[in-house]
Every structure is written in C-alpha cells, then in structure tokens.
Amino acid sequence: MNAVLDAALLYANRNWSVIPVGIDKRPLVLWESHQHQRASPVIIKGWYQKYPDAGVAIITGAISGIFVVDVDPRHGGDLAPYGLMPATLTVRTGGGGWHFYFKGVQPCRPGLVPGVDIKGEGGYVVAPPSRHPSGGRYTVESEEEPSDPPSWLLGLISQARQTGKVRARSWVADALAGVADGVRAGLQTFVEG
C-alpha cells in the first residue's frame, strides 16, 4: 500500500480532515466541502487510486480541531525571541522549516511575524510523508499529541488581530523587566536616548 495513503487514513482516524495535494501543494480535489465534512476512508482510498503520487494535507480549523504554526527560516522565521515552544506534534517540512501543531481553532494569519504563518480556519497544511517541491519529504520530528498553545503565542495572535502587526519585544524591555519602577524610567531614557 502507498505510504501517503496509510498516513492519510491514520490522520482521518484521528478525526482530522484530509485531502490529496500535488507536489505544488495545491489540492487535487475540490476541498472546500471538506472544511465541514470529513471524507470517508472509501473516498480517501479512491483519491489515492486516482492520484497515486499525491501528497496529503490536513485541513486546519474547526473540522480537525487544530491549527499549525508554520515557521520558514528561509524567510526569516524565528519565534525564539517570543518564547519557547512546548512539547507538541512537530513536523520538519521538506523545505527545511517547521510545523508546530496545536489544539484549538485560530484564523489563518499569513505573516504573523516575518517567516511565520498561522494555518487555521479556512486553510490546510501539507503533512508527512508528502514530498516538498524541493524534493525533500515532510517528516515527524516529535510525535507528541498537539498541545495547548503557549500563552505568548496566543498573545502574538491577539496582537496581530487587533493591530494588524506584531511589535517585537525589545532587549531593553527584557533588561528592564526586573528593575524597580523609579530606576526603570531613567535607565530607559538613557539606553534609548
């Protein structure tokens, strides 16, 4: 049997909505209805008979109960300045980036910060063992269950929703976090001066 079909059936067994995708990451079927109704195993098997070289994508949002943080270092993606990622299902993309899977529903948010997108309601994410256009494969790096998102990530998403952009934390704010109020104002004026 086809390894991608096996993965698609496993994802479907987790109550995640799946669709077949081409090497270009585009759906090979009309996928909008699968945002509201999961395909049966019979339909999924039929897709992979018709498209034996297809990859698999998971529809994010309410239908699957997950959202994915897509970090692409080739475009400056780095969340380290904002906080640590908890143990969660983590995928290494075929292009050298990372997908962090979290429980819950969030809207899609391209460009949350440079090189970081949120794949949420109305979106999908290519999943292992699909092939990336670069030739590499998506692989599972950490087989944890999707965890609850960290509060710092929810804060970034909320800030982006309210203002349209995320303000980076400054090293000055971090350095002054433990300084007493009376001293903080003088030091901040001196440092930013």
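Couple of notes before you dig in:
- Restricting region 31-44 to residues that are hydrophobic (A, V, I, L, M, F, W, C) and either in contact with an Asp or Glu (Cβ under 9 Å, 6 or more places away or on another chain) or more than 19 Å from Ala62 (Cβ to Cβ) (or both), the residue that is most open to solvent (accessible area, probe 1.4 Å): Val42
- All positions within region 114-125 that are open to solvent by 10 Å² or more (accessible area, probe 1.4 Å) and more than 17 Å from Val21 (Cα to Cα): Pro114, Gly115, Asp117, Glu121
- The requirement of being assigned to a loop (DSSP other than H, G, I, E, B), open to solvent by 20 Å² or more (accessible area, probe 1.4 Å) and in contact with a Phe, Trp or Tyr (Cβ under 8 Å, 6 or more places away or on another chain) is fulfilled nowhere in region 4-20; no residue meets it.
- Near pairs, Cβ below 9 angstrom, 6+ apart or cross-chain, from region 122-134 (charged (D, E, K, R)) to any residue that is open to solvent by less than 40 Å² (accessible area, probe 1.4 Å) and assigned to a strand (DSSP E or B): Arg131/Gly55
- Checking each residue in region 1-25 for being small (Gly, Ala, Ser) and touching a strand residue (DSSP E or B) at 6+ places or on another chain (Cβ under 8 Å) picks out Ala7, Ala8, Ala12, Ser17, Gly22.
- Checking Trp16 against (1) in contact (Cβ under 8 Å) with a residue 60 or more places away in the chain; (2) within 17 Å of Pro146 (Cβ to Cβ), the condition it does not meet: (1)
- Top-ranked residue in region 126-147 [being open to solvent by 60 Å² or more (accessible area, probe 1.4 Å) and touching a Pro at 6+ places or on another chain (Cβ under 8 Å); ranked as nearest to Trp16 (Cα to Cα)]: Val140
- Any hit, region 11-28, residues being within 15 Å of the chain's Cα centre (by Cα), at pLDDT 95 or above and not charged (D, E, K, R): yes
- Taking the numbered list (1) open to solvent by less than 70 Å² (accessible area, probe 1.4 Å); (2) out of contact with any Asp or Glu (no Cβ under 7 Å at 6 or more places or on another chain); (3) over 19 Å from Thr90 (Cα atoms); (4) not β-branched (Val, Ile, Thr) in turn, Gly65 passes all entries but (3).
- When Tyr48, Tyr101 are checked against the criterion of being within 24 Å of Ala160 (Cβ to Cβ), of a type in the set (Phe, Trp, Tyr) and open to solvent by less than 30 Å² (accessible area, probe 1.4 Å), a single residue qualifies: Tyr101.
The values are calculated or read from the model by the stated rules, or taken from the named source; none is laboratory data. None of these values were measured; they are calculated from a predicted model. Counting neighbours? That spans all protein chains shown, and the Cβs are built from the backbone with ideal geometry, glycine included. Just so you know, the surface numbers come from the protein's heavy atoms only, side chains and all, with ligands and any DNA or RNA stripped out. Shrake-Rupley method; radii C 1.70, N 1.55, O 1.52, S 1.80 Å.
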